[in-house]
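Remarks on the structure that follows.
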Amino acid sequence: MKLLLLPAIAVLAVFAAALTALFRWSLLEFIPGSLVPGGYTLDNFRAVLAPQYLHAVRDTVILAALTTVLTLLASYPVAYALARTPSRAVRSTLLVLTLAPFFTGAIVRTYAWVLVLGNTVMTWPIPMLFTERGVLVGLVHFSMPTMILILAAALSHIDPAYERAAASLGARPARVFWRVTLPLSMPGIVSGGLIVFAWTLSAFPTPELLGGGKVKMIANVVKDLGLDSFNWPGSAAFAMLALALTLALLAAAGRFTGSRPA
Amino acid sequence: MRLRLAVLLLLAFMTLPTVVVIAVSFNPTAILSFPPAGFSWRWYVNVLTYPQFQRAAWNSLVVTGGAVLLALPIGTLAALALERARLRGRALWAAALLSPLVVPGVAAGLGFLILAAALGLLRSRIVLVVAHVALVLPFVVRSVWVSVRNLDPALERAAASLGASPRRIFFRVTLPLLRPGLFAALLFAVVVSVNEFVVSLFISNRVTEILPVAMFNYVVNYTDPTIAALSSLFIAATFLVIWLADRFLDLGRVFLQH
């Protein structure tokens, strides 16, 4: 039986080899104009702290934090409706509308926002496309399906008897929500928040297309250095930074919920 | 009532881009406008006749086809082993198998790029197929594992006691009973692979690039509604897939009750 795992382990080994190569290159010296790296050095990680790049790291963290909060606020009502509607038709409709962007590729979804934010549909009073505001809208839209599914799962695990009990003891609906439903859905809020934050830290297509080169997040720096400047060592250092941040946050998410991430 | 209004507004926010893309795709002029000034299929014609998209569509077919054909058996065997083998550290193995899910796309992409360069495989679609297998494997393992867990071993014992060989039991009892999990796995694998963009961007070039990468390059270089037409085709395909999935699998059960 154990042997059945072997092919999967072979695939994992290739994946691990790719990440090991990434780690090794992040420690190699970049020689401009050459694809052959020099000896071992920590210069690539020092470069992360240079002003131009530190700016990208700071923007990334701010955008990810704002995205997490706005996504939570925007997703909770939909998740609540999804978990509590008695009608199978409503539930099905909500689920299909939630899953549709989930199943649609990143490029299709992001391009759609290029159209909406680029004054095609309506003229915005302030510039949206190629600004941090526009990127934020795209990131929230991108994260909502994931958040809705996580919150809806958490909400559907709450026994409605608790809410009925609070109501029968005279609590008004608002009080039932703030004192019973919301606290009981906290595991979903925490794990959903951490997962969305972690994913947004390494977001790429959204800032790339909606930021139009003016908004740089960590992943955009990885692409600029790696694919445009052929500075693989510098690019690898940023990729390692994204990887480390993501893993740390997902480990925290797992600890909070005591279960697997996502 | 207020909740209902909020939910409707949020759903409008979620679906707005899709509506706009479809409307723009029928726009008769190259300058984007909304609502469209008329009706035209010309961008759809453009999608179907642009040589780079034809090449990318063929690459997508090869890469996704190859990756899914490899990942389905590999993931199914792994799911069977995870549930049934006497395994030490089962949770660790499961976490390892699902780990590609949590690695940022740019990290995996650059890693595969460096690895492919070292092996001299930069001009080949093999790297894309291997990377896609690794990326869809977690979805296959999870979907099939759920079905393996729900499978009553008594049915296989019954077949064995009636004299069926292990091979016959596997193909006549085990596999048919795993059908819902296999179907979900196939669905996820195809959807994830067809839409994969970030990793593929790093490890492909003009000759090997798959559709999402070709679309990205087109958006960066041109502004006409061709991508709106291609996006609309993707959206139509997506709704078809979800509709099929909702008919044959109870999506609510798959997504809400883990």
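None of the figures in this text is laboratory data; all of them are computed from the coordinates on show. Because the structure is predicted, anything quoted here is derived from the model rather than measured. Every residue, glycine among them, receives a Cβ derived from its backbone with ideal geometry; neighbour counts consider all protein chains shown.
Be a star and scan segment A:108-134 for residues whose amide nitrogen sits under 18 Å from the point 7 Å along the Cα-to-Cβ vector of residue A:58.
Once the point is set 7 Å along Cα→Cβ of residue A:58, A:132-133 turn out to lie under 18 Å by backbone N, inside segment A:108-134.
Say each of residue A:186 and residue B:171 gets a label point 7 Å from the Cα, pointing the same way as Cα to Cβ; how far apart are those two points in nm?
About 5.6 nm separates the two model spin labels.
Which one of A:108, A:78, A:222 has the biggest mean-square fluctuation once chain A is modelled by GNM with Cα springs under 10 Å?
Of the options given, A:108 has the highest mean-square fluctuation.
So for the pair residue B:149, residue A:73, with labels modelled 7 Å out along Cα→Cβ, what separation do we get in nm?
3.6
How far apart, in nm, are the 7 Å Cα→Cβ label points at residue A:35 and residue A:162?
Distance between label points: 5.7 nm.
Of all chymotrypsin sites (Phe, Trp or Tyr not before Pro) in segment A:204-257, which ones are in loop regions per DSSP and have a Cβ with at most 15 other Cβ atoms within 10 Å? Could the numbers behind the result be given before it?
Details: sites: A:230, A:238, A:256; in loops: A:230.
Listed in order of number, the matching sites are A:230.
Where a ≥ b ≥ c are the square roots of the eigenvalues of the C-alpha gyration tensor, would you call the protein assembly as shown rounded, which needs a/c under 1.5, or, failing that, prolate if a/b is larger than b/c, or oblate?
Numbers: a/c = 1.35, a/b = 1.07, b/c = 1.26.
Rounded, because the longest to shortest axis ratio a/c is under 1.5.
Using only the alpha-carbon atoms, how far is helix B:226-248 inclined from the longest principal axis of chain B? Give it as 0 to 90 degrees, nearest 10.
With rounding to tens, the tilt is 30 degrees.
Estimate the FRET efficiency between residue A:9 and residue A:65 by the formula 1/(1 + (r/R0)^6), using the beta-carbon distance for r and 45 Å for R0, to the nearest 0.05.
Details: r = 38 Å, r/R0 = 0.83.
Efficiency, from the Cβ-Cβ distance: 0.75.
Given R₀ = 51 Å, FRET efficiency for residue A:172-residue B:179 by Cβ-Cβ distance, to 0.05?
On the way: r = 49 Å, r/R0 = 0.96.
It comes out at approximately 0.55.
Calculate the FRET efficiency for residue B:247 and residue A:244 from the Cβ-Cβ distance with a Förster distance of 35 Å, rounded to the nearest 0.05. It would help to have the intermediate numbers written out before the result.
Numbers: r = 43 Å, r/R0 = 1.22.
Efficiency, from the Cβ-Cβ distance: 0.25.
Quick check: the distance between the Cα centres of segment B:1-25 and segment A:33-111, to the nearest angstrom?
20
I'd like the chymotrypsin sites (Phe, Trp or Tyr not before Pro) in segment B:3-100 restricted to DSSP loop residues with at most 10 other Cβ atoms within 10 Å, sorted by number. Kindly include the intermediate steps, with their values, before the conclusion.
Values: sites: B:13, B:26, B:39, B:41, B:43, B:44, B:53, B:58, B:93; in loops: B:26, B:39, B:41.
Answer by residue number: B:39.
Given all pairs of different Cα atoms, what value in angstroms does the Kirkwood hydrodynamic radius of chain A take? Intermediate results must be reported in sequence, preceding the final value.
Numbers: mean 1/r = 0.0478 Å⁻¹.
Roughly 20.9 Å, rounded to one decimal.
Among all the aspartates and glutamates, which ones have a C-alpha under 14 Å from residue A:223's C-alpha, if same-chain residues fewer than 8 places away are not counted?
Correct list for residue A:223: A:208.
Summing +1 for each Lys or Arg and -1 for each Asp or Glu, what net charge is found among the other residues whose Cβ lies under 13 Å from the Cβ of residue A:218?
On the way: positive: A:58, A:216, A:223; negative: A:59, A:208, A:224.
Cβ neighbours under 13 Å give a net charge of 0.
By the gyration tensor of its Cα atoms, with a ≥ b ≥ c the square roots of the eigenvalues, what is the shape of segment A:114-245: rounded for a/c under 1.5, prolate for a/b over b/c, or oblate? Please list the in-between numbers first.
Values: a/c = 4.40, a/b = 1.91, b/c = 2.31.
Oblate is the answer for segment A:114-245, as a/c is 1.5 or above yet b/c matches or exceeds a/b.
Once you mark the trypsin sites (Lys or Arg not before Pro) that are in a DSSP loop and have at most 12 other Cβ atoms within 10 Å, what is the longest gap between them in chain B?
Details: sites that count: B:86, B:88, B:123, B:206.
After excluding every exposed loop site, the longest remaining stretch is B:1-85.
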